[in-house]
2 protein chains.
Amino acid sequence: MEDTHTLADDLYDIGCVKFGQFKLKSGLVSPIYIDLRLLVSHPVVLRRVAGAMAAKIAGDGQELPIQFDRLAAIPYAGLPIGVAVGLETGKPLIYPRKEVKDYGTAKLIEGEFRAGEVALLVDDLITKGTSKIESLKPLTDAGLLVKDVLVLIDREQGGQAELSTFGVTLHSVLTLSEILADLVRSNKLTGSQRDDVLAWIRSN
Amino acid sequence: MEDTHTLADDLYDIGCVKFGQFKLKSGLVSPIYIDLRLLVSHPVVLRRVAGAMAAKIAGDGQELPIQFDRLAAIPYAGLPIGVAVGLETGKPLIYPRKEVKDYGTAKLIEGEFRAGEVALLVDDLITKGTSKIESLKPLTDAGLLVKDVLVLIDREQGGQAELSTFGVTLHSVLTLSEILADLVRSNKLTGSQRDDVLAWIRSN
C-alpha cells in the first residue's frame, strides 16, 4: 500500500517548510524556516490548504463546528489563505489593512461587517501568539467578537496558552510536531533532524 | 424570457458600484464610486469574477489567449482577485509588497518566479493608468516582463492609451460604459443618470 502524500509533504515539496540555518530578526539561528507566503504560487496546494481549513471549521467529524459570522484574515500571508477559505466555504471575508488610506471611504477594515458579529480569524501560522493578539485589536475595536483563531500551522511555542488568556480558542490544521512526524515518515527528514528541530523549538 | 442577471448587476447589488456624490482625494465630487475591495465579503460574486477573468485570459473564443507564465496581483484590492483567478486557472501567483520586511528572507515580491518570465498583471480597475505603470516597476525591476494587464473594470479614462505607450496591452472584463448599459437595462439606473456619469467620466 502506497503512503499518502500528506499536506506536510506538499508544504515541504513547494518550499514552504525548509530545514537548515536561518538567521532570525532576533539574531538567533533557527533550524527551520516556514514561509507560507509561497502558497499563492502553488494554487493546487493552496486549494488543499483551504479544504483542510474548511474541514477544521466543520469540526472534522470530531469536534463541534466553529461558530462565526465572518472570516477575518491578516495581510499579507493570511489574506490569500482567507480568500481561498472564503471561496471554499462560501463564508464572507474581511481584513484589517496594514495602513489606512487617507482619502475616499477611509477604512481600517476592508469588507462588510456589523458590530456585534463574530469573526473567525484565519492566518498562516502562530508562534508565541503575541502578534496574533495585536491583530485582534482592530477587529475588536470595530465591535467584532473574536472567539476562535484558525491557523494552518501551530509552531507550538506558546500560542495556544497566550490566546486562551484572552479567552480565544486556537485551532490548527497542523502542529509543527505533526509536520515533522509526517516528513520523517516520508523520509524527507531523519529522526535526529526532527529531534534537533523540536529541541530548538522547545527552548525558544 | 427572463433577463440575465449580469456581473454588473451583481457588482451593483453587493455595493461595489454606487451612484451618488462621492468626494475624491482631489476635492472633486464624483457621481460614481467603485469599491471592489468589498468582493472578499461576497465569495459567490468573487468566484464569478474569477470565472470571467479566466474566460478573458482564455480569449473568450474571440481573441487569442493571453500568453504568460505567472499572474501578478497588486495588494490590496488586486490580491484577492489574483488569488481567486489563480485558484480558477491553476496559474501561479506572485505579488509585490507595499512595504518590505526588514528581516528573514526580505523580499520585494512574494511568491516564486524567475527573471525573464512573463507576468500577467491582474487588478481590480484602471483609471488613467499612471498608478498601474508604477505598479509594474517592482516587477520589471525584478526581471519580469509584463506585456498584458487584466482588470475587472476599465473606467475608460485613458488607461488603455497610457499602458500602450509602455508597450503594454490592457484587457478588461467590463468597461464602465458596459456596466452602465447593463444597469440601465435592469432598471437600476435611468438613461439620464447614465448620461450624467458618462459626461463626468469623459471630462475628468
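Only the coordinates and a few stated rules stand behind these numbers; no lab work does. Small disclaimer: the values here were computed from a predicted structure and weren't measured. Every residue, glycine as well, gets a Cβ built from its backbone with ideal geometry; the counts of neighbours run over all protein chains shown.
Annotations
- Close amide H partners of A:V122, meaning residues 5 or more places away or on another chain with modelled amide H under 5 Å apart, are A:A72, A:A73, A:I74, A:L150.
- Solvent-free Debye scattering, log10 I(q)/I(0), computed from the Cα coordinates of the protein assembly as shown at q = 0.07, 0.14 Å⁻¹: -0.35, -1.32
- For the axis carrying chain B to chain A: nearest C-beta residue of B, whole Å: B:V83, 2
- Nearest 10 degrees, 0 to 90: helix B:176-185 Cα axis against chain B principal axis: 40 degrees
- Copies compared at B:K147 - label distances in nm, ascending, label defined 7 Å from Cα in the Cβ direction: 5.4
- Rounded to the nearest 20 debye, the dipole size of the protein assembly as shown about its Cα centre is 980 debye, using +1 on the Cβ of Lys and Arg and -1 on the Cβ of Asp and Glu.
- Temperature 25 °C, viscosity 0.890 mPa s: under these conditions the Stokes-Einstein estimate for region B:30-79, based on its Kirkwood radius over C-alpha pairs, is 192 µm² per second.
- Position A:G191: other-copy label points at 8.3 nm, ordered by increasing distance, label point 7 Å along Cα→C-beta.
- Dividing the mean sequence gap of close Cα pairs (under 8 Å, 6+ apart) by how many residues region A:7-203 holds gives a relative contact order of 16 percent.
- Helix A:191-202 vs. chain A, principal-axis angle (Cα, 0 to 90°, nearest 10): 40 degrees
- Stokes-Einstein, applied to the Kirkwood radius of region A:1-105 over Cα pairs at a viscosity of 1.306 mPa s and 10 °C, places its translational diffusion at 99 µm² s⁻¹.
- Folded to 0 to 90 degrees: helix A:43-57 orientation relative to chain A principal axis, Cα: 70 degrees
- At 7 Å out from Cα toward Cβ: B:E63 inter-copy label distances (nm, ascending): 4.7
- Taking a Cβ cut-off of under 15 Å around A:L145, the surrounding Lys, Arg, Asp and Glu residues balance to a net charge of 0, with basic ones at +1 and acidic ones at -1.
- Dividing the Cα radius of gyration of region A:7-203 by its Kirkwood radius returns 0.97 for Rg/Rh.
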